[in-house]
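Each reported figure results from applying straightforward, stated rules to the coordinates on display, with no laboratory input. Computed from a predicted model, the values in this text were never measured in an experiment. Cβ coordinates were reconstructed from backbone atoms using ideal geometry, including for glycine residues, and neighbour counts include every protein chain displayed.
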């Protein structure tokens, strides 16, 4: 198993606009070890969302090298990228992005449909994960029948259902109150302790403090890469 | 995987029932119309082919010429220009299988207290063969009956109903123009002819008996018509030419003079009737198919709206690992399921409509497996064809933009 889950070297990304190419990411270098917990921070327009899309194989870099779990992403075709998103990465979004018409069980089981599992297996695994995030009683409810915090738990269960090595969370607490946010971050910390690598975008310093490491973007470049305050204290004590 | 997709399609259809129903309606009406129109058209073709089979195959009818009386010309068949000897001569022609001379007229017939006016045909035993007309009971008369002009009769179903009722007619004596005739046989029912006459309202008697006892006063030995059957379809033109030259020669007609007889090709007439109904039923089918096309466009329309509406859902599916072909398959299946369910309902309505037409108007309808298979395959094709473009549009969406879509 590769020590680096993510290895990025000299990554550039620009968008084509009417006025010519517009650079969004400029010479980004980053390596994330297996089992790490990284918060990506930065103001709007700093390029962090584009960076997350590239990490999630939803977007492709204009230049540079991205190695995910030992595979060079630039060499993968669309079907292989879909498989990576299905099996290696779990996504958690700010707006939860659950399917409104489907039950919680079906929502969580959805990635397994694309993994080609049969119905009984899909539901069995989805049920275990919903129980793990404390929603075992609501298997057949619809997303609009539960609270925002619970919806985000469902989304996390969905991200976990295919046992990914990496979870990418894009402002997962952006739509939640502070108490619920703490609960969700507690869940992420538990997952991290189970060995899952977590990369999360946020612009709230409190939330970022839950991570071990903080990476700050500004104008398309990484300007700061340091350990969190409380992690520093913990690691210094140890 | 496939069953999961099918479940998703079913689910999506259930999510907006009214819209799904309206989309299906185009398909329902299209398939219903095609099935109904084809049932009616094929029913008409069936009636015509029944009439043609009843008539006999490869037939000519030779009519005696018109006569001019005091400047007024009567219709063909009234002058006594054809006779039994002409018929005998025709038998010798190449390619002729059977010849039946006929004389006919209407007469009042009486049995006990009942009477009925019907058409009487005087002919030879060959008539039943060329018309491929069988008996359901009793026996046909023979050549010896012709020679001795016996008073025997073969009787049609309509006549039996009107004068015999439930009585068994075989061996009973009926009176035709005061002459007693013994009923020898019962004619098989032939139904309506192509021109709508009841062919069962008839009595057949030996030719000589008819000439001497019933329709006297004509030139002795004269007949009104001669029915000629050719060996095969291929021999028809040869027989037609033979008939014309033989009869002109026998009647001593000069070059260029108008013939005193007419040869009609019955089979050609029947074939043109069959051709007409075939064209008509194809036309009906074509018109109905247009509504299928419109139904298909309706499906495409709704699928395009559905893709736009569910852009975000498509983005989510792509983010968690759906490939392009998974999205394509999902939307294609949805279109196909709508088409096929619509087709089933349409089939049901079309068959129901055809049965209703049959009950209300008594017109023949034929629901063939062929038309059902056709409607089904067209529906599936329409589903794939009109579902493909929206499905491809969904599959080609950029996942990032789709996820951002509000």
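Which three lengths, in whole Å and largest first, does the protein assembly as shown cover when its Cα atoms are put on their principal axes?
That gives 140, 57, 43 Å along the principal axes, largest extent first.
What does the extension gain come out to for residue A:203 and residue A:44, with contour length at 0.36 nm per residue minus their alpha carbon separation?
56.4 nm
Using Cα centres only, tell me the gap between region B:338-384 and region B:272-311 in whole Å.
After rounding, the separation between the Cα centres reads 13 Å.
Between residue A:62 and residue B:137, what is the spin-label point distance in nm, taking each point 7 Å from the Cα along the Cα→C-beta axis?
The two pseudo-label positions are separated by 10.1 nm.
Kindly state, to the nearest 0.05, the FRET efficiency for residue A:146 paired with residue B:269, given R0 = 60 Å and r defined as their beta-carbon distance.
E between residue A:146 and residue B:269, to the nearest 0.05, is 0.15.
To check you understand DSSP bridge types, tell me what percent of the beta bridges within region B:80-259 (both residues inside) are antiparallel, rounded to 5.
Given both bridge residues lie in region B:80-259, the antiparallel proportion sits at roughly 75 percent.
How do B:117, B:47 line up, fewest other C-beta atoms within 10 Å first?
By the 10 Å Cβ count, ascending, the order reads B:117, B:47.
Determine the shape class of region A:157-238: with a ≥ b ≥ c the square roots of the Cα gyration tensor eigenvalues, call it rounded for a/c under 1.5, and otherwise prolate if a/b is greater than b/c, oblate otherwise.
Here region A:157-238 falls in the rounded category.
Could you tell me the largest-minus-smallest coordinate of the C-alpha atoms of region B:36-176 on each of the three principal axes, in descending order and whole angstroms?
The Cα atoms of region B:36-176 stretch 50, 45, 37 Å along their principal axes.
Indicate, rounded to the nearest 5 percent, the antiparallel portion of the DSSP beta bridges found entirely in chain A.
Numbers: 23 of 40 bridges.
Taking every DSSP beta bridge with both residues in chain A, the antiparallel ones total about 60 percent.
Starting from the Cα gyration tensor of region B:279-406, multiply each eigenvalue by 5, take the square root, and state the resulting semi-axes largest first in whole Å. If you can, show how the numbers build up before the last one.
Details: eigenvalues 310, 29, 26 Å².
For region B:279-406, the ellipsoid semi-axes come out as 39, 12, 11 Å.
In what order do A:123, A:210 fall by count of nearby beta-carbon atoms within 10 Å, going from fewest to most?
Details: A:123 17, A:210 23.
Fewest-to-most Cβ neighbours within 10 Å comes out as A:123, A:210.
Once you place label points 7 Å from the Cα toward the Cβ at residue B:384 and residue B:115, how far apart are they in nm?
7.2 nm
Have a look at A:212, A:119, A:153 and tell me which one the Gaussian network model of chain A (Cα, springs below 10 Å) gives the largest fluctuation.
Result for chain A, Cα springs under 10 Å: A:119 fluctuates most.
Take every Cα pair under 8 Å in region A:96-163 that's 6+ residues apart, average their separations, divide by the length, and report that relative contact order as a whole percent.
Relative contact order here is 49 percent.
On a C-alpha basis, how far is the centre of region A:1-75 from the centre of region A:115-136 in Å? Whole number, if you could?
When both Cα centres are located, 31 Å separates them.
Rg(Cα) of region B:108-205 divided by 2.2 N^0.38 Å?
That ratio works out to 1.01.
Report the paramagnetic label zone for residue B:368: residues of region B:25-47 whose backbone N is under 14 Å from a point 7 Å from Cα along the Cα-to-Cβ axis.
B:35-47
Indicate the gyration tensor shape class of region B:80-259 (rounded, prolate or oblate), computed on the Cα atoms with a ≥ b ≥ c the square roots of the eigenvalues: a/c under 1.5 is rounded; otherwise a/b larger than b/c is prolate and the rest oblate.
The shape class here is prolate.
For chain A, what is the per residue volume of the convex hull drawn over the alpha-carbon atoms, in cubic angstrom?
So the per-residue hull volume is 142 Å³.
Kirkwood Rh over Cα pairs of region A:1-104 into Stokes-Einstein at 4 °C, 1.567 mPa s: D in µm²/s?
85 µm²/s
Can you give the average number of partner chain beta-carbon atoms within 10 Å of each beta-carbon in peptide A:89-95, as a whole number?
Working: counts 3, 2, 5, 0, 4, 0, 5.
The mean count of partner-chain Cβ atoms within 10 Å per residue comes to 3.
If I fit a long axis through the Cα atoms of helix A:78-87 and take the longest principal axis of the Cα atoms of chain A, what angle between them do I get, 0 to 90°, rounded to 10?
60 degrees
Which of B:260, A:118, B:362 has the fewest other C-beta atoms within 10 Å, and how do the rest follow up to the most?
B:362, A:118, B:260
Mind pulling the angle between the C-alpha long axis of helix B:369-395 and the longest principal axis of chain B? Nearest 10 degrees, somewhere in 0 to 90.
With rounding to tens, the tilt is 20 degrees.
I need the semi-axes of the equivalent ellipsoid of chain B: take the C-alpha gyration tensor, multiply each eigenvalue by 5, square-root it, list largest first in whole angstrom.
Semi-axes from the Cα gyration tensor: 68, 24, 16 Å.
Using DSSP, restrict attention to beta bridges with both residues in the protein assembly as shown and report what percent are antiparallel, rounded to the nearest 5.
Here the antiparallel bridges make up roughly 70 percent for the protein assembly as shown.
If one takes the longest principal axis of the Cα atoms in chain B, at what angle in degrees, from 0 to 90 and to the nearest 10, does the Cα axis of helix B:17-55 lie?
Helix B:17-55 and the main axis of chain B meet at about 20 degrees.
Could you tell me whether region B:171-258 comes out rounded, prolate or oblate from its Cα gyration tensor? Rule is a ≥ b ≥ c as square roots of the eigenvalues, rounded for a/c under 1.5, then prolate if a/b exceeds b/c, otherwise oblate.
It is oblate, given that a/c is not under 1.5 and a/b is not larger than b/c.
Per DSSP H run of at least 4 residues, take -39500 (n - 2.57); add these up for the protein assembly as shown, divide by its residues and hand me the 222 nm value, nearest 500 deg cm²/dmol.
After summing the helix terms and dividing by residue count, I get -15500 deg cm²/dmol.
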